[in-house]
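Below is one structure, written out as structure tokens, with a few remarks after it.
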Amino acid sequence: MKSFNHTLRVNNVPNDVRSLLYHIARGVKYINFSLRAGNTGEANTSNCSGEDQLKLDVLSDKIIMNELEGSELCALLASEEQDDLVRFPAPRGKFVVAYDPLDGSSLVDANLTIGSIFGIWEGDELVGKKGREMVAAAYAIYGPRVELIVAVKGKGVMVFEMNDVGEFMLTKKDLKLRENSKYFAPGNLRATAINKKYLKLINDYIAEKRTLRYSGGMVPDLHHILQKGEGIFTYPGCEKHPNGKLRLAFECAPFAFIFAEAGGKATTADGQEILDIEITEPHQRTTIFIGSTGEIDRAVEALR
Ligand code: AHM
């Protein structure tokens, strides 16, 4: 039997972490149903980053919020879609969850693959935490198939696929990244207009006849790297946005945790480990280079 719960139990995932992940899996299932229902219109609201929200952004956020609140395991929730943190009154749970309920929502109208991302810490504060202190992280990918990828500290990366009755079943475990790669996923290419070192790095990849894989969705782009076992995703800053676009708590830290469990690496464009950056503000942004270790070292060196 390779059901979600059973797999986590036989891998000695602590009961409370397992139960929290179970609620996340249920939320992912409901988000998938909403996506398939096809209500892709705008909500006529914007989030704290000033981005227009879709009805699906709002609905996905509500689904995850309800699931996590219902778990009675959380002290604090931070959503990419909400300005404020949600704090639960005592007696409260022991976990903090930071999540992006629908990453890549600008791709929804084009019917491209999108995802949800979750980072889990113990405690009752998010500010002051580092990615390295996470106990688990997960992401869901809503493609032709729905998959939930889970990393629990020290237990590697597991892939579950949703079956036709909505259960997540284990399909792969112990995903590992090779040191070098032929794939590259270059985000924020606008930066090459000014940053000639970034332009040279990209031109070098092209000259080396590497394979481009970039969809504009962080979840599918990073999932491609994990599934193939190799690759690099780059998102440096630019003049207007020196820290890039992607958020530390909701996107970069959870992925850095998952990639570290797979033997990969994630740094800023300056070479600082993403897992060592302290969260000073829930919506703070960071540049990110993430993927096969040898590729990250090379890219950081190229931009030095
Ligand atoms: P979102 O918060 O609007 O969903 O944006 C996040 C997405 C990531 O999934 C992706 O890696 C990035 O934005 C792509 O940015 P760009 O449009 O600059 O290529």
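Structure values in brief
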{"item": "Antiparallel DSSP beta bridges within the range 183-303, percent to nearest 5", "result": "65"}
{"item": "Most fluctuating residue given options Ala256, Ala207, Ala269, as computed from a GNM of the chain linking Cα atoms under 10 Å", "result": "Ala207"}
{"item": "Two-decimal log10 I(q)/I(0) for the chain, as the Debye equation yields it once each C-alpha is a single scatterer, q = 0.13 Å⁻¹", "result": "-0.88"}
{"item": "Span-like helix ranges in the chain, DSSP H, alpha carbon extent 20 angstrom or more, Kyte mean at least -0.5", "result": "15-37, 55-71"}
{"item": "Rounded, prolate or oblate (a/c below 1.5 giving rounded, otherwise prolate when a/b exceeds b/c) for the range 183-303 by Cα gyration tensor", "result": "oblate"}
{"item": "Probe 1.4 Å, all protein chains present, accessible-area order of Asp100, Asp204, Asp84, largest first", "result": "Asp84, Asp204, Asp100"}
{"item": "Å² per residue, accessible surface of the range 183-303 at 1.4 Å", "result": "38"}
{"item": "Rg and Dmax [Cα atoms of the range 200-264; Å; Rg one decimal, Dmax integer]", "result": "13.0, 35"}
{"item": "Neighbour cut-off at most 12 other Cβ (10 Å), DSSP loop, GluC sites (Glu not before Pro), the range 189-241", "result": "Glu208, Glu239"}
{"item": "Gaussian network model of the chain, springs between alpha carbon atoms under 10 Å - residue of Glu278, Glu81, Glu251 with greatest fluctuation", "result": "Glu278"}
{"item": "Most fluctuating residue given options Ile279, Ile232, Ile290, as computed from a GNM of the chain linking Cα atoms under 10 Å", "result": "Ile279"}
{"item": "Cα gyration tensor shape for the range 4-173, rounded if a/c is under 1.5, else prolate or oblate", "result": "oblate"}
{"item": "Selection from Asn111, Ile24, Val58 lying farthest towards where the dipole of the range 4-173 points positive, charges on Cβ", "result": "Ile24"}
{"item": "Estimated 222 nm signal from helices in the chain, with DSSP H stretches of n ≥ 4 weighted -39500 (n - 2.57), rounded to 500", "result": "-9500 deg cm²/dmol"}
{"item": "Computed accessible area, Met65, all protein chains, 1.4 angstrom probe, square angstrom", "result": "20"}
{"item": "Asp103 - accessible surface, heavy atoms, 1.4 Å probe, Å² rounded to 10", "result": "10"}
{"item": "Dipole moment magnitude, nearest 20 debye, the range 4-173 about Cα centre, only Lys, Arg, Asp, Glu C-beta charged", "result": "920"}
{"item": "Fraction of beta bridges assigned by DSSP in the chain that are antiparallel (%, nearest 5)", "result": "80"}
{"item": "Too-long pairs where the Cα-Cα distance tops 27 Å, listed order kept, from Lys129/Lys153; Lys153/Lys196; Lys2/Lys29; Lys176/Lys200; Lys29/Lys228", "result": "Lys153/Lys196; Lys176/Lys200"}
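The values are calculated or read from the model by the stated rules, or taken from the named source; none is laboratory data. This is a predicted model, so every value here is computed, not measured. Every residue, glycine among them, receives a Cβ derived from its backbone with ideal geometry; neighbour counts consider all protein chains shown. Surface areas here come from the heavy atoms of the whole protein model, side chains and all, with no ligands, DNA or RNA. Shrake-Rupley method; radii C 1.70, N 1.55, O 1.52, S 1.80 Å.
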